[in-house]
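Read through the structure below, which is laid out as structure tokens, and then see the notes.
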Amino acid sequence: MQALHLEGGCFCRAIRYRLAGAPHASMVCHCRTCRGLFAAPVVAWLSVPRDAFVFTQGTPATFCTTPPVTRWFCGRCGTHVAYVHADEPGWVEVATCSLDDPCATPPTHHSWLEHDIGWVKFGDGLKAFPRSRHDGD
Ligand SMILES: [Zn+2]
Ligand SMILES: [Zn+2]
């Protein structure tokens with residue numbers, strides 16, 4: 001994940017952002033919250049230092065969920081592009097597939113298989129964790 005200055009945004013392009021640095025983690029989440037927010041079976045995320053993430057166009061709408069997470073999405077087309085967890089303000093989680101080139105930052109593992117709905121089979125050989133990969137550290 002050495003690519004720098006990755007750019008992305010929402011589907012209608014009203015919201016645009018830039019990543020000034022390489023993501024520290026890239027994963028596919030199978031949790032209920034991601035599934036519900038995106039109405040999709042799984043959602044891929046990148047972890048990026050907060051100071052490496054900047055909106056370059058538009059002002060995102062926000063939506064807060066519990067645990068205390070502020071979610072940024074496009075108020076026009078609805079794409080959820082990123083979120084910040086109140087307990088980890090130094091990081092932004094960016095929706096991988098909101099990048100212009102999501103192929104640049106492929107996932108390294110799957111998380112929250114405990115919530116998996118079971119009808120998507122990946123067979124990509126990546127590690128899969130019942131919850132977060134940090135559980136059991
Ligand atoms: Zn939009
Ligand atoms: Zn999730």
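The values are calculated or read from the model by the stated rules, or taken from the named source; none is laboratory data. The shown structure was predicted, so the numbers you read here are calculated from the model rather than taken from an experiment. Positions of Cβ are backbone-derived with ideal geometry, glycine not excepted, and every protein chain shown enters the neighbour counts.
Test Glu88 against the stated conditions and say whether it is of a type in the set (D, E, K, R) and without any contact (Cβ under 8 Å) to a residue 12 or more places away in the chain.
yes
What's the total number of residues in the range 76-100 that are among the charged types (D, E, K, R) and modelled with pLDDT of 95 or more?
Selection size over the range 76-100: 3.
Which one of Gly8, Gly21 is in contact with an Asp or Glu (Cβ under 7 Å, 6 or more places away or on another chain), small (Gly, Ala, Ser) and under 14 Å from Ala104 (Cα atoms)?
Gly8
From the list Val81, Val54, Val94, Val48, which one is assigned to a strand (DSSP E or B) and touching a helix residue (DSSP H, G or I) at 6+ places or on another chain (Cβ under 7 Å)?
That would be Val81, the only listed residue that is assigned to a strand (DSSP E or B) and touching a helix residue (DSSP H, G or I) at 6+ places or on another chain (Cβ under 7 Å).
Condition first: within 16 Å of ligand 1 (Cβ to nearest atom), assigned to a loop (DSSP other than H, G, I, E, B) and either touching a residue at least 60 places away in the same chain (Cβ under 8 Å) or under 15 Å from Arg131 (Cα atoms) (or both). Now tell me which residues in the range 1-45 satisfy that.
Correct list: Cys10, Phe11, Cys12, Ala14, Ile15.
Here is a check on your reading of the model: is Cys103 assigned to a strand (DSSP E or B) and without any contact (Cβ under 8 Å) to a residue 12 or more places away in the chain?
Answer is no for this residue.
Here are some residues: Val81, Val28. Which one is surrounded by 20 or more Cβ atoms within 10 Å (Cβ to Cβ), of a type outside the set (S, T, N, Q), under 15 Å from the mean Cα position of the chain (by Cα) and away from ligand 2 (no atom under 13 Å from the Cβ)?
Unique residue meeting the criteria: Val81.
Counting only residues that are under 15 Å from Ala82 (Cα atoms) and surrounded by fewer than 21 Cβ atoms within 10 Å (Cβ to Cβ), how many does the range 1-19 have?
6
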